[in-house]
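The values are calculated or read from the model by the stated rules, or taken from the named source; none is laboratory data. This is a predicted model, so every value here is computed, not measured. All Cβ positions, even for glycine, are placed from backbone atoms using ideal geometry, and neighbour counts span all protein chains on display. These accessible areas exclude ligands, DNA and RNA; they are computed on the full protein's heavy atoms, side chains included. Shrake-Rupley method; radii C 1.70, N 1.55, O 1.52, S 1.80 Å.
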Amino acid sequence: MKSDDSRGATAVLLSIFFLSGVAALVYEVLWLKELGRLFGVTAYAAATTLAVFFLGLAAGGFVWGRRVASLRRPLRTYALLEVGIAAAAVLYFWIADLYHWLYPGLFALLGEQPRLFLAAKFLLAVGVLFLPAFFMGGTLPVMGQHLIRRADQLGRRATILYAVNTLGAAVGALAAGFFLPPALGFRNSYLLAIGANLFVAAVAWWRSTEDSYAAAPRARQETVAGDAVTATTQSWQVWTLAAASGFLTLALEVLWTRMFAQVLQNSVYTFAAILSVFLLALALGSALAHWLCRRDWSPTAVLASLLTISGLLVALTLLRFHQLTSGLELVGAGLGWGRYLVAVFITTVSVLLLPGIAIGSVFPYVMKLAEARMVSAGRTLGQLAAINTLAAICGSLVAGFFLLDSLGLWRSLEWVALAYCALAVVVAIGQGDGRGRRVVVARLAVPLLSALLVAALVDVDELTLVSLDAARNEEIVEVQEGAHGVVSVVRRGDDLRIKVDNSYLLGTSLSTPNLRLQSWIPLALHPRPRNVFYLGMGTGITAGGALFLPVERVVVSELNPDVVELSRRHFAAFLGGCSKIRERRSWRRTGEPCLQAAASSST
């Protein structure tokens, strides 16, 4: 490399790669916010949207990574990818209008078949998100192909690229979550992101005119000096570590978000703050990996250490979280909006920053191990990014729809921490460099002892998901954990109350007269009410109040099935003579005026 080897030219390329990361997260946050209105705000709808976006990223990384080795001017291709992102983003407006036009007919046709309706919405989400995500996925391997010319540069340069782009993503999430929509509105914020992509494309095209890449020798370096172990690292080991890192990282994002939902207000600002801190930690983790790649240390030993530290710090987040929130008390209760956000950021940084840096360093550092097998930088980066992203999709889905249901929040976090320690053991065992049995045993000792320490530190049976007011003699009657949240029934003397995520009170038994009045007053104003529909169930007392009147049918649409279940078990006595709640997927007429709760995401 000649001109592009200069610090100034590299700084320009890193700057536009940072701006590309900003634009990408502005799109993602705005898409999630807007598509939540179109597809629904359930966990399943959000997971569907993210899965499509990540599938596009993975496909883009894989396809462009395979093609990039044959490109004579990768930077010019990078510019065209940025133009493709902007063009595909413009299509969003047309496709969104098409969705609004199609939705009534789709609901009429498939509304009573939730799986088919979800499949139809998935295909519509593909139409909205896949193409721009596909182009975004190609940016890392193509930029990497331009900047990385030798195998021994892969770890150092790929990690700084990853750090810069992820830092831009953190800034984009912060901007789209807090500043751009209130200041510019959705459409203008979206157009600003499109303009950023076009600016990045223009700068990259300008730099490509001075690109000497075509004249530079394309070195194939099978091994690199410094660690004989790296030279024998098998490809499947590198891919496995890349996949495991993606799986565990996104699983942790889901679990940590659920953890903070117990003590924070449920707003887009709150979760934008969590996302921003999480991405900042990943960016700092990439920077740490970059620093480690410059050290002349054994890559496998460093990676085993990073995995062990990650496991320990993930386990400590449970204890740190309980300490800072004084046993799951609401963060920033009674503070003004500005001071509340400051409290949210302080708490989130205090809990997540160090473990986020540790886990964020693992995948970028895997690129150091991949140096020994590198033929093309772009192809290697594309394959690593694709498998990491696909595994990340699986991690988010498994955490959201399996771990939370089967293990609960605290035990899920404990198992993820143990999984990091287990990976460290696998890496240590894989260091078959002929240095003797004692060395291998010594390397195994640290992650094994760390796993035992994690198990000893975290006693999940002593941790609770519900904060109780001891002064009012509150006690837990029942708690349900699932993909939709933590639902609890709490007794305070003679009063039963139901809460979601530890903070959102859905009603109490002592307020039964007032809750029934919320039905009686509007129904009394109607000349002849027959069929009554309620959006949201709570305790069911308000909807049950309609059963005192001569109505034919009462239907409640509730997105959280655990709310329906706990209302059935504990509040049936307050539902006006109805002995039970019938959970129905369709709303067919029945002769008995009994409360029917449709707990389905398609309602």
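Restricting to region 240-269, give me the number of residues that are β-branched (Val, Ile, Thr) and within 11 Å of the chain's Cα centre (by Cα). So that I can check it myself, show each step before the final result.
Of all residues in region 240-269, those β-branched (Val, Ile, Thr) come to 240, 249, 254, 257, 263, 268.
In the following step, the residues that additionally are within 11 Å of the chain's Cα centre (by Cα) were identified as 249, 254, 257.
Final tally of qualifying residues: 3.
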Just wondering, is there one or more residues in region 388-401 that are surrounded by 24 or more Cβ atoms within 10 Å (Cβ to Cβ), over 22 Å from Met259 (Cβ atoms), touching a Phe, Trp or Tyr at 6+ places or on another chain (Cβ under 8 Å) and of a type in the set (Ser, Thr, Tyr)?
yes
Of the residues in region 117-152, how many are polar (S, T, N, Q) and under 17 Å from Ala9 (Cα atoms)?
1
Positions within region 66-81 being closer than 13 Å to Gly138 by Cα and polar (S, T, N, Q), in sequence order:
Thr77
Write out, first by first residue and then by second, each pair whose Cβ atoms fall under 8 Å of each other, whose residues are 6+ apart or on separate chains, and whose first residue, in region 285-301, is in contact (Cβ under 8 Å) with a residue 40 or more places away in the chain while the second is crowded, with 24+ Cβ neighbours inside 10 Å and of a type in the set (Lys, Arg).
Ala289/Lys368; Leu292/Lys368; Cys293/Lys368; Pro299/Lys368
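I'd like the full set of residues that are aliphatic (A, V, I, L, M) and either open to solvent by less than 30 Å² (accessible area, probe 1.4 Å) or free of Cβ contacts under 8 Å to residues at least 12 places away in the same chain (or both), limited to region 46-58.
Let us first name the residues in region 46-58 that are aliphatic (A, V, I, L, M), namely 46-47, 50-52, 55, 57-58.
Correct list: Ala47, Ala51, Val52, Ala58.
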So which residues in region 59-92 are open to solvent by 10 Å² or more (accessible area, probe 1.4 Å), in a helix (DSSP H, G or I), touching a helix residue (DSSP H, G or I) at 6+ places or on another chain (Cβ under 8 Å) and modelled with pLDDT under 85, if there are any at all?
Ala69, Leu91
State which residue is farthest from Val171 (Cα to Cα) when the search covers only region 282-298 and only residues that are open to solvent by less than 40 Å² (accessible area, probe 1.4 Å) and among the aliphatic types (A, V, I, L, M).
Leu292
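Taking into account only those residues within region 373-387 that are under 18 Å from the mean Cα position of the chain (by Cα) and open to solvent by 10 Å² or more (accessible area, probe 1.4 Å), which is modelled with the lowest pLDDT? Before the answer, list the steps.
Kept after step one, since they are under 18 Å from the mean Cα position of the chain (by Cα), are these residues of region 373-387: 385-387.
Cutting the leftovers down to open to solvent by 10 Å² or more (accessible area, probe 1.4 Å) gives us 385, 387.
Details: Ala385: 90, Ile387: 93.
That would be Ala385.
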Picking from Ala315, Ala370, Ala301, Ala333, which residue would you name as being at pLDDT below 90, surrounded by fewer than 24 Cβ atoms within 10 Å (Cβ to Cβ), assigned to a helix (DSSP H, G or I) and of a type in the set (Gly, Ala, Ser)?
Ala301
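Test Tyr162 against the stated conditions and say whether it is at pLDDT below 85, buried (at least 19 other Cβ atoms within 10 Å of the Cβ) and of a type in the set (Phe, Trp, Tyr).
The answer is no for Tyr162.
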For region 9-39, give me the residue count where each residue is among the small types (Gly, Ala, Ser), modelled with pLDDT of 90 or more and open to solvent by less than 40 Å² (accessible area, probe 1.4 Å).
4
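Condition first: touching an Asp or Glu at 6+ places or on another chain (Cβ under 7 Å) and assigned to a helix (DSSP H, G or I). Now tell me which residues in region 406-432 satisfy that.
Narrowing region 406-432 to residues touching an Asp or Glu at 6+ places or on another chain (Cβ under 7 Å): 408-409.
Once the filter is applied, which keeps residues that are touching an Asp or Glu at 6+ places or on another chain (Cβ under 7 Å) and assigned to a helix (DSSP H, G or I), region 406-432 yields only Leu409.
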Quick check, is Ala119 free of Cβ contacts under 8 Å to residues at least 12 places away in the same chain and surrounded by fewer than 19 Cβ atoms within 10 Å (Cβ to Cβ)?
yes
